[in-house]
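To keep things clear, I will list the structure first and then write my remarks on it.
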Amino acid sequence: MSEHPRIRNVAFVGPHHSGKTTLLEALLYACGAIARRGSVSDGSTTTDSEPEDIAHAQSTCVGFARATHDAIEINLVDTPGFIDFFEETRAALRGVDAAVIVVEADPSRIALTHALVEEIERLRLPHIVVIDKLDRPGAEFDATLAELQRLYGRHLVAEQLPIRREDALVGYIDLATMQAARFSADGERPEAIEPGLELPARQARRTLLEAMADFDDALMQELLDDVEPQADEIDRDLCDECSHDQIVPVLVAAGIHGYGVAALLRAIERWFPAPIGDAQAPLRAQVIKTIVHPQSGKLSVARIHDGTLTGDATVTDLRTGERIRVGGLYRLFGKKSEPITSAGPGSIVAIARLEGVTTGTTLAGSPTVKPLPPIEFSPPVFAVAIKPKERIDEAKISQMLARIIEEDPSLQLARAQFTGEQLLLGCGEQHVGIAVERLARKHRVEIDVAPPAVPYLETISASTEVHSRYKHQTGGHGQFADVHVRFRPRPRGSGLLFDDEIVGGVVPKQFIPAVEKGVREALARGSSGYPVTDLHVTLFDGQYHDVDSSEQSFRTAASMAVREALPKCKPVILEPIARVEVTIPAHFTATVIGQLTAKRGQILGMKPSDREGREVVEADVPLVELARYITELRTATQGLGTYRWSHERYDPAPPGRVPAGTTP
């Protein structure tokens, strides 16, 4: 294995609207990769090139760009910040060696970084934090830093302090060098630290050095002996400890003005690790994103870990064992693609026409290559019922949705268990909504969406017997059937039981299945439009006519018996009850219990989660109350809560809670 020192692979991550796309755009401009800076507000940034990104003024999928600075090639991955698109970000992180976490200078929004930091730490990715938007009135650097350290510990430490004048960011102090820098239209210029900032700067520098000394005994001894460390020693420790994910330096920025970009570039080059891989080994690469263009076809964006990939190579899909010929090799820059002939370890490239290859797949030059760990997507938490607006689209809707799901595997298509509706499932309302927009734009298929129908049932609470006679006379043969049917309740969950007590052939055996069919058909609709369950139906008497009786006449008579009997049996509507497990940080437990109780939930208990600092609240909740619960839960828990559910049972629904006359 060898290091490739002229490459850096970096993801820009952070909560939505934290400024990461704007900061990345400023970095591209500073490197000369673009002639002018675009803006999120007018939809002209490099990495937010999808129409949905522009329409919603936020990233909805991963974007790719690259820049060269000081002869180092920096591959940049811009990720969505909204929690609905977190699975996109998780997949993209598998393709980089380090991350820049961009946060707004607002301590109340730092909790939104929890899932990101948890994933970055799980992958052991070196990372830095950039506190952005320090040019805004009311920006709070100190409080934001304090909240970051409260959540993530003392090894997350400031390497810069902002210099602000009248709510404007005018420069920063580099705590490693104890040198100030002043921003200007031409970049930044060094200057001495102002006397009024000297003391807070020295105190912050001491905190930085103490954090670094935890991993350097020599530095620790110097601090204990009150010896000033050498500048090259501090620089070496910063590089080593950040690249090994031991400390997390914090920088300052105002991305909309390009302030802080020069220092960020130096940090990326010096503090982040270069990729490691063997160019002579068999190819080993992993697909981190799939892009499907209706006209130009499919691109699989992959990170190459070992080996060299050429534009006409044949690779093995280690998931299926299939050998596939590469249809072309490209480097991506926003919505542009540049053809290349080959790429080696550390490269992030787009590979054309790898049909059947999915996101997370390991591509190999040999079937004996060890696959990389697969990318496992979290289960969906939100669903809508879908159907095409135009009947002509019914035949192709599944095919077109499959292409959308190929691009975003965190989406799923399913049939509802009880109603048979076609469902589109995703990670939140906005996630599913964007998928619907993308389906209409890219594949010309428009669909109607609605909340999934709640699979109510009906049952009976009293017994009755009815006599039903169907007699219809026309020219020629008539129709005749006479049935006596008993209806009795059964225990909850036992379903429908039909039997007969016919003796003496008063209803011939060949007509009894028709009676059962008529009963079942009528019970499928019930008196309120919902299927009837948990009852025992017995055919115990009847009459027939040698000429006029038929299967159809007995089927009709049975249906008439059901319609007459149900109102007499004191029908009860049953609603589905879901067993819910809500996982939240422990301090939100009371909030979530209040939420679930307001939804008629029965709290069953609490238990520790296998995720540190989290708790699981278990409850039984009516399914109808969960339609938008993921949105409500995230709102109440700063995006940190999630839940899963499974069908538990049916219970009687409270009066007035169920829409009447609806046939699921």
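The values are calculated or read from the model by the stated rules, or taken from the named source; none is laboratory data. Keep in mind that what you see is a predicted model, and the values were worked out from it rather than measured. Positions of Cβ are generated from backbone atoms using ideal geometry, with glycine treated the same way; all protein chains shown enter the neighbour counts. These accessible areas exclude ligands, DNA and RNA; they are computed on the full protein's heavy atoms, side chains included. Shrake-Rupley method; radii C 1.70, N 1.55, O 1.52, S 1.80 Å.
Please go through segment 150-183 and pick out each residue that is open to solvent by 40 Å² or more (accessible area, probe 1.4 Å) and either over 38 Å from the mean Cα position of the chain (by Cα) or among the charged types (D, E, K, R) (or both).
Correct list: 150, 154, 164, 165, 166, 167, 177, 179, 182.
Looking at the structure I just gave you, is residue 610 in contact with a Gly (Cβ under 9 Å, 6 or more places away or on another chain) and of a type in the set (Asp, Glu)?
On the way: in contact with a Gly (Cβ under 9 Å, 6 or more places away or on another chain): no; of a type in the set (Asp, Glu): yes.
In short, no.
How many of the residues making up segment 90-107 are part of a helix (DSSP H, G or I) and open to solvent by less than 20 Å² (accessible area, probe 1.4 Å)?
Qualifying residue count for the region: 3.
Considering only segment 587-599, state which residues are of a type outside the set (A, V, I, L, M) and either part of a helix (DSSP H, G or I) or in contact (Cβ under 8 Å) with a residue 40 or more places away in the chain (or both). Full working, then the answer.
From segment 587-599, those of a type outside the set (A, V, I, L, M) are 587-589, 591, 594-595, 597, 599; that's our starting set.
Across segment 587-599, the qualifying residues are 587, 588, 589, 591, 594, 595, 597.
Could you check, for segment 401-416, whether at least one of its residues is open to solvent by 10 Å² or more (accessible area, probe 1.4 Å), touching a residue at least 40 places away in the same chain (Cβ under 8 Å) and either of a type in the set (Gly, Ala, Ser) or not in a helix (DSSP H, G or I) (or both)?
Yes: one or more hits.
Within 24 Å of residue 344 (Cα to Cα) and open to solvent by less than 30 Å² (accessible area, probe 1.4 Å): which single residue out of 70, 48, 78 fits that description?
78
Considering only segment 1-52, state which residues are more than 27 Å from residue 83 (Cβ to Cβ), out of contact with any His (no Cβ under 6 Å at 6 or more places or on another chain) and part of a loop (DSSP other than H, G, I, E, B).
Taking segment 1-52 as the starting set, the residues that turn out to be more than 27 Å from residue 83 (Cβ to Cβ) are 1-8, 29-37.
Imposing the further condition that a residue be out of contact with any His (no Cβ under 6 Å at 6 or more places or on another chain) reduces the set to 1-8, 29-30, 32-37.
Across segment 1-52, the qualifying residues are 1, 4, 5, 6, 32, 33, 34, 35, 36, 37.
Return the pair list, or none, for Cβ contacts closer than 8 Å from residues in segment 118-131 that are more than 21 Å from residue 22 (Cβ to Cβ) to residues that are of a type in the set (Phe, Trp, Tyr) and not in a loop (DSSP other than H, G, I, E, B), at least 6 apart or on different chains.
126/271
Check whether at least one residue in segment 529-542 is of a type in the set (D, E, K, R) and closer than 22 Å to residue 472 by Cα, and report yes or no. Steps first, please.
Of the residues in segment 529-542, the ones of a type in the set (D, E, K, R) are 534, 541.
Applying the additional criterion that residues be closer than 22 Å to residue 472 by Cα yields 541.
For segment 529-542, residues of a type in the set (D, E, K, R) and closer than 22 Å to residue 472 by Cα: present.
Yes or no: residue 481 in contact (Cβ under 8 Å) with a residue 24 or more places away in the chain, surrounded by fewer than 17 Cβ atoms within 10 Å (Cβ to Cβ) and in contact with a helix residue (DSSP H, G or I) (Cβ under 6 Å, 6 or more places away or on another chain)? It would help to see each step written out before you state the result.
Values: in contact (Cβ under 8 Å) with a residue 24 or more places away in the chain: yes; surrounded by fewer than 17 Cβ atoms within 10 Å (Cβ to Cβ): no; in contact with a helix residue (DSSP H, G or I) (Cβ under 6 Å, 6 or more places away or on another chain): yes.
Answer is no for this residue.
Please pick out the residue among 347, 378 that is surrounded by 21 or more Cβ atoms within 10 Å (Cβ to Cβ), touching a residue at least 40 places away in the same chain (Cβ under 8 Å) and of a type in the set (Ser, Thr, Tyr). Explain how you work it out, then say what you get.
Working: 378 fails: surrounded by 21 or more Cβ atoms within 10 Å (Cβ to Cβ).
The unique qualifying residue is 347.
Could you tell me which of the residues 267, 262 is out of contact with any helix residue (DSSP H, G or I) (no Cβ under 6 Å at 6 or more places or on another chain), assigned to a helix (DSSP H, G or I) and open to solvent by 30 Å² or more (accessible area, probe 1.4 Å)?
Numbers: 267 fails: open to solvent by 30 Å² or more (accessible area, probe 1.4 Å).
The match here is 262.
Scan 316, 361 and give me the residue that is open to solvent by less than 20 Å² (accessible area, probe 1.4 Å), within 26 Å of the chain's Cα centre (by Cα), more than 18 Å from residue 7 (Cβ to Cβ) and of a type outside the set (Phe, Trp, Tyr). Break it down stepwise before answering.
Details: 316 fails: within 26 Å of the chain's Cα centre (by Cα).
Of 316, 361, the one residue that is open to solvent by less than 20 Å² (accessible area, probe 1.4 Å), within 26 Å of the chain's Cα centre (by Cα), more than 18 Å from residue 7 (Cβ to Cβ) and of a type outside the set (Phe, Trp, Tyr) is 361.
If you scan segment 533-571, which residues turn out to be open to solvent by 40 Å² or more (accessible area, probe 1.4 Å), among the β-branched types (Val, Ile, Thr) and part of a strand (DSSP E or B)?
Within segment 533-571, none qualify.
Looking at segment 184-224, which of the residues that are open to solvent by 70 Å² or more (accessible area, probe 1.4 Å) and polar (S, T, N, Q) is nearest to residue 174 (Cα to Cα)?
Filtering segment 184-224 for residues that are open to solvent by 70 Å² or more (accessible area, probe 1.4 Å) and polar (S, T, N, Q), the one nearest to residue 174 (Cα to Cα) comes out as 203.
Take the residues in segment 626-662 that are under 17 Å from the mean Cα position of the chain (by Cα) and part of a helix (DSSP H, G or I); name whichever of them is surrounded by the fewest Cβ atoms within 10 Å (Cβ to Cβ).
Taking the candidates together, the pick is 635.
Sort out which residues of segment 225-246 are open to solvent by less than 60 Å² (accessible area, probe 1.4 Å) and part of a loop (DSSP other than H, G, I, E, B), and write them in order of number.
Filtering segment 225-246 down to residues open to solvent by less than 60 Å² (accessible area, probe 1.4 Å) leaves 229, 233-235, 237-239, 241-243, 245.
Once the filter is applied, which keeps residues that are open to solvent by less than 60 Å² (accessible area, probe 1.4 Å) and part of a loop (DSSP other than H, G, I, E, B), segment 225-246 yields 229, 245.
Kindly list, by first and then second residue, each pair from a residue in segment 610-621 that is at positive phi to a residue that is hydrophobic (A, V, I, L, M, F, W, C) and outside any strand (DSSP E or B), limited to pairs with Cβ atoms under 8 Å and residues at least 6 apart or on different chains.
Hits for this filter: 613/586.
Determine whether segment 216-239 contains at least one residue that is over 21 Å from residue 141 (Cα atoms), in contact with a Phe, Trp or Tyr (Cβ under 8 Å, 6 or more places away or on another chain) and among the charged types (D, E, K, R). Before the answer, list the steps.
Let us first name the residues in segment 216-239 that are over 21 Å from residue 141 (Cα atoms), namely 216-239.
From what is left, the residues that are in contact with a Phe, Trp or Tyr (Cβ under 8 Å, 6 or more places away or on another chain) are 237-239.
Of the ones still in play, those that are also among the charged types (D, E, K, R) are 237.
Yes, segment 216-239 contains a residue that is over 21 Å from residue 141 (Cα atoms), in contact with a Phe, Trp or Tyr (Cβ under 8 Å, 6 or more places away or on another chain) and among the charged types (D, E, K, R).
Out of (1) open to solvent by 30 Å² or more (accessible area, probe 1.4 Å); (2) free of Cβ contacts under 8 Å to residues at least 40 places away in the same chain; (3) more than 30 Å from residue 460 (Cα to Cα); (4) assigned to a strand (DSSP E or B), the odd one out for residue 605 is which?
(1)
From the set of residues in segment 108-134 that are acidic (Asp, Glu) and open to solvent by 40 Å² or more (accessible area, probe 1.4 Å), which is nearest to residue 247 (Cα to Cα)? Break it down into steps so the answer makes sense when it comes.
First, pick out the residues of segment 108-134 that are acidic (Asp, Glu): 118-119, 121, 132.
Narrowing further to those that are open to solvent by 40 Å² or more (accessible area, probe 1.4 Å): 118, 121.
Working: 118: 15, 121: 12 Å.
Among those that are acidic (Asp, Glu) and open to solvent by 40 Å² or more (accessible area, probe 1.4 Å), it is 121.
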